[in-house]
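Note sheet for the following structure.
The values are calculated or read from the model by the stated rules, or taken from the named source; none is laboratory data. Here the structure is a predicted model, which means the values were calculated and not measured. Virtual Cβ from ideal backbone geometry, glycine too; neighbours counted across all protein chains shown.
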Amino acid sequence: MIELIAGKYNYWIYITLMMIGFYAMIEKGNLIKKIIGLNIFQTAIFLFYISISKVEGGTAPILILGKEAVVYDNPLPHVLILTAIVVGVSVTAVAIALVIRIYESFGTVEEEEILNIMKNSSLKPEENIKT
């Protein structure tokens, strides 16, 4: 049993990173900390997909003339993760832009304070945004 757990240590690291990121997104009230939690969660997923592409005894997917029975690593997860990294950076940039706009409108990035301002305001949420 110990060998099974110790042999899959990389999965335990991914699960731990995912739970740290998930906890930060759910529990933290600061919007910047939520974005950091989202990035940690995304990174754990990226690492997980890259790790499952490795095939035992596999080599880089380069054709070698004269060898017929060669086992190759799967290159598809690497390509997908490159795309996911670009999307992740874009999501982070948009999230930071939204947080900056929220800070300009409400003067805070704390979720509870923003909700209290909106609750105590007689304006609708759309009308509370300064232009």
Inset, instruction - Filter region 95-119 down to residues that are surrounded by 12 or more Cβ atoms within 10 Å (Cβ to Cβ) and basic (Lys, Arg), then give me how many there are. - result: 1
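Based on what the data block shows, is VAL89 modelled with pLDDT of 95 or more and either part of a helix (DSSP H, G or I) or touching a Phe, Trp or Tyr at 6+ places or on another chain (Cβ under 9 Å) (or both)?
Details: modelled with pLDDT of 95 or more: yes; either part of a helix (DSSP H, G or I) or touching a Phe, Trp or Tyr at 6+ places or on another chain (Cβ under 9 Å) (or both): yes.
So VAL89 passes the test.
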Inset, instruction - Report whether or not LYS54 is of a type outside the set (Asp, Glu), more than 30 Å from SER121 (Cβ to Cβ), outside any helix (DSSP H, G or I) and in contact with an Asp or Glu (Cβ under 9 Å, 6 or more places away or on another chain). - result: yes
Inset, instruction - Quickly run through region 57-82 and pick out the residues that are of a type outside the set (A, V, I, L, M, F, W, C) and in a helix (DSSP H, G or I). - result: PRO77, HIS78
